[in-house]
Amino acid sequence: MVSIPDEYLWMIIVGFIIAFILSFAIGANDVANSFGTSVGAKVLTLRQACILGSIFEILGAILIGYRVSDTIRKGIIDVDLYNGTESTLMVGNVAALTGSCIWLFVATILKLPVSTTHSIVGATVGFALVAHGHKGINWMKMGFIVGSWFISPLLSGIISVLVFLAIKFLVLNKEKPLEPGLRVLPLFYALTAAINLFSVFYKGSSLLKFDKIPLYGVFIITFGSALIVAVVIRLAFVPWYRKKIQKYVEECQVEETEKGKDMETTLDNDDVSRRQLIDDENKENIGKNELEVSPSGKKFPMGANLAILSEKLLTPSLLNGNVIEKDPSTPQSKIPSNFSTPESDTSCHSSAPLLCSPVSAKDKNSKESGTPGDSIESVADVKIEVDLEVARSAVTDKPETIKLFSFLQILTAVFGSFAHGGNDVSNSIGPLVALWIIASEGSAAQKTQTPIWILVYGGVGITIGLWVWGRRVIKTLGEDLAKTTPSSGFCIEVGSALTVLLASNVGIPISTTHCKVGSVVSVGRVRSKQNVDWKLFRNIILAWVGTVPVAGAISALTMYLLMFTI
């Protein structure tokens, strides 16, 4: 046990507490990115995602997390300025943990998928500005990091799209995609294994002696293992998987046939019920006012109108509680008569409650006075939601490709979790490592290697956060931002994880959130023009923009207050 001077003890204790809370928030906000698409594509359950995340987040933190930790604790600011004033640097790291923790915790409560990397970098800059002004910051390194924030989502999106287009050409566009998919499957597994192994052994952890392996040895381990994986997949896994997928496809065909028969029976029963409803309402409304509902001028009794429309004129997708915007190019017979627009104000009728769109008194008054009412804005919102749902309903995989890419997506999700553990554990324990080493060395230079037990401490905090709150952001990125399927989810995870791993090996603390969102949006846009929820994407961008200044401001305020204690 290292002897800690009494004057530093309170900083160490507070630092460990805040770092754990910060790790918890990172697990809730960021780890979800690794498994969001897998859960969204229904490949993994939330529980399975948490179990796999627990294992591989900690492994990533231990095996490659120390590299980015070095950048966070002494690459952004000039630690030489604190020689002789080590207590100032320690207080600064407490302030950085506080600023990042508060902002990230608030963002997680609000379900905002912000960058934990942005948060800790902004907080570090915040305390440095208070301590030494602009001289205390390595602006060149900071500029390099800031540049990576814009490059990472773009690069991640490009890689993911290229992988998706290749899969689309080689597998998805084929009339029978099973055999082409099985042929390229060993290649995908080998590629995934190679990238993971190279990231672990190239300039590996000195604590595990991986740094002693020469470059040629790293290549032998990486590509030799990848070749073995490809051979095993081809000889053992592919034949077994072929039988399993063929059986799955047959089961799907039988299920579709049974669903078709059930639907025909249901429609026949509904047809009888609707006709009886029409007859009953026609009898009740004889002699009442009539309403035109047809371009030809044919009139129906009021009250029978909606029932007739729901039976004859509306498609099944519109009977889902959604309505469509009234458009001049759309035949009148296709518009629900109760639909509220500035030109029509038909009340709802109980014969077709799913089509109801009540018009408020405010809307009526606004239409009478010629002033646009709130209904216009709601019409636009409803139309956007309907367009989004219609577009996403078309984003599907064939049964063969669903099964083909399901297990592969699990592997790439694990890949992403491992990469995240290596890159983002530094966001919570970087300042903590600085506190510990300064207190134990008595020097601001921090020459000691990152202790492995602190990496484990940060990984455990991240894991707990994933289990407790991870579902919040999983839904946002896995389902709400864009619809994902096993094939597109695989491409998203490969592109984002590869980008993160490349950055981790170089020592650049890029944002895993940016990489994941960049890949989700890019692949989602390629699959369908209207698949992406651009409103949600805009809100995410706004949250990104506010992260650095808010975390920096909280850190700066904390630093200013703590300066009175030293």
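Residue count for region 528-549 satisfying the condition of being in a helix (DSSP H, G or I) and surrounded by fewer than 24 Cβ atoms within 10 Å (Cβ to Cβ): 15. State which residue is modelled with the lowest pLDDT when the search covers only region 92-113 and only residues that are surrounded by fewer than 24 Cβ atoms within 10 Å (Cβ to Cβ) and among the hydrophobic types (A, V, I, L, M, F, W, C). Top of the filtered list is LEU112.
The rows are residues; the columns are (1) polar (S, T, N, Q); (2) under 30 Å from PHE537 (Cβ atoms); (3) at pLDDT 80 or above; (4) buried (at least 24 other Cβ atoms within 10 Å of the Cβ).
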position: THR45; (1), (2), (3), (4): yes, yes, yes, no
position: GLY53; (1), (2), (3), (4): no, yes, yes, yes
position: GLU57; (1), (2), (3), (4): no, yes, yes, yes
position: GLY65; (1), (2), (3), (4): no, yes, no, yes
position: ARG73; (1), (2), (3), (4): no, no, no, yes
position: SER115; (1), (2), (3), (4): yes, yes, yes, yes
position: GLY122; (1), (2), (3), (4): no, yes, yes, yes
position: SER148; (1), (2), (3), (4): yes, yes, no, no
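Looking at VAL106, is it free of Cβ contacts under 8 Å to residues at least 60 places away in the same chain and under 21 Å from the mean Cα position of the chain (by Cα)? Against the criterion (free of Cβ contacts under 8 Å to residues at least 60 places away in the same chain and under 21 Å from the mean Cα position of the chain (by Cα)), VAL106 qualifies. Remark: ILE510 matches the filter, which requires a residue to be of a type outside the set (Phe, Trp, Tyr), open to solvent by less than 20 Å² (accessible area, probe 1.4 Å) and not in a helix (DSSP H, G or I). THR463 falls short on exactly one of the conditions (1) surrounded by 18 or more Cβ atoms within 10 Å (Cβ to Cβ); (2) closer than 24 Å to PHE188 by Cβ, and that condition is (2). Of the residues making up region 145-164, one or more are part of a helix (DSSP H, G or I) and closer than 27 Å to THR88 by Cα. Collect the residues in region 433-455 that are closer than 19 Å to ILE120 by Cβ and either of a type in the set (Val, Ile, Thr) or crowded, with 24+ Cβ neighbours inside 10 Å (or both), keeping them in residue-number order. VAL433, ALA434, LEU435, TRP436, ILE437, ILE438, THR450, ILE454, LEU455 - these are the residues of region 433-455 that are closer than 19 Å to ILE120 by Cβ and either of a type in the set (Val, Ile, Thr) or crowded, with 24+ Cβ neighbours inside 10 Å (or both). Looking at GLY470, GLY478, GLY458, just one residue is modelled with pLDDT of 85 or more and buried (at least 24 other Cβ atoms within 10 Å of the Cβ), and that residue is GLY458.
Before we move on, is THR222 polar (S, T, N, Q), under 22 Å from GLU493 (Cβ atoms) and touching a residue at least 60 places away in the same chain (Cβ under 8 Å)? Against the criterion (polar (S, T, N, Q), under 22 Å from GLU493 (Cβ atoms) and touching a residue at least 60 places away in the same chain (Cβ under 8 Å)), THR222 does not qualify.
Is it the case that PHE564 is farther than 27 Å from SER417 by Cβ, in a helix (DSSP H, G or I), of a type outside the set (A, V, I, L, M) and open to solvent by 40 Å² or more (accessible area, probe 1.4 Å)? Working first, answer last.
Numbers: farther than 27 Å from SER417 by Cβ: yes; in a helix (DSSP H, G or I): yes; of a type outside the set (A, V, I, L, M): yes; open to solvent by 40 Å² or more (accessible area, probe 1.4 Å): yes.
When the stated conditions are applied, PHE564 passes them.
What number of residues within region 381-419 are more than 30 Å from VAL500 (Cβ to Cβ), open to solvent by 30 Å² or more (accessible area, probe 1.4 Å) and at pLDDT below 75? Total meeting the criteria: 10.
Here is a yes/no grid of residues against (1) within 17 Å of ILE437 (Cα to Cα); (2) at pLDDT 90 or above; (3) polar (S, T, N, Q):
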{"site": "TYR8", "(1), (2), (3)": "yes, no, no"}
{"site": "MET11", "(1), (2), (3)": "yes, yes, no"}
{"site": "ALA19", "(1), (2), (3)": "yes, yes, no"}
{"site": "ALA25", "(1), (2), (3)": "no, no, no"}
{"site": "SER34", "(1), (2), (3)": "no, no, yes"}
{"site": "SER38", "(1), (2), (3)": "no, no, yes"}
{"site": "LYS42", "(1), (2), (3)": "no, no, no"}
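Does region 189-206 contain any residue that is modelled with pLDDT of 90 or more, closer than 19 Å to ALA497 by Cβ and surrounded by 14 or more Cβ atoms within 10 Å (Cβ to Cβ)? Yes - at least one qualifying residue is present in region 189-206.
Quick check on ILE245: is it closer than 23 Å to ALA419 by Cβ and part of a helix (DSSP H, G or I)? Give the steps one after another, and end with the answer.
Details: closer than 23 Å to ALA419 by Cβ: no; part of a helix (DSSP H, G or I): yes.
No; evaluated as a whole, the condition is false for this residue.
Within region 136-173, the set of residues being over 19 Å from VAL548 (Cα atoms) and charged (D, E, K, R) comprises LYS168 only. So PHE169 clears everything in (1) open to solvent by less than 80 Å² (accessible area, probe 1.4 Å); (2) of a type in the set (Phe, Trp, Tyr); (3) modelled with pLDDT of 85 or more except one condition, right? Which one? Every listed condition holds for PHE169 apart from (1).
The values are calculated or read from the model by the stated rules, or taken from the named source; none is laboratory data. Not measured: the values here are computed from a predicted model. All Cβ positions, glycine included, derive from the backbone under ideal geometry; neighbour counts span all protein chains shown. SASA here: full protein model, heavy atoms, side chains in, ligands and nucleic acids out. Shrake-Rupley method; radii C 1.70, N 1.55, O 1.52, S 1.80 Å.
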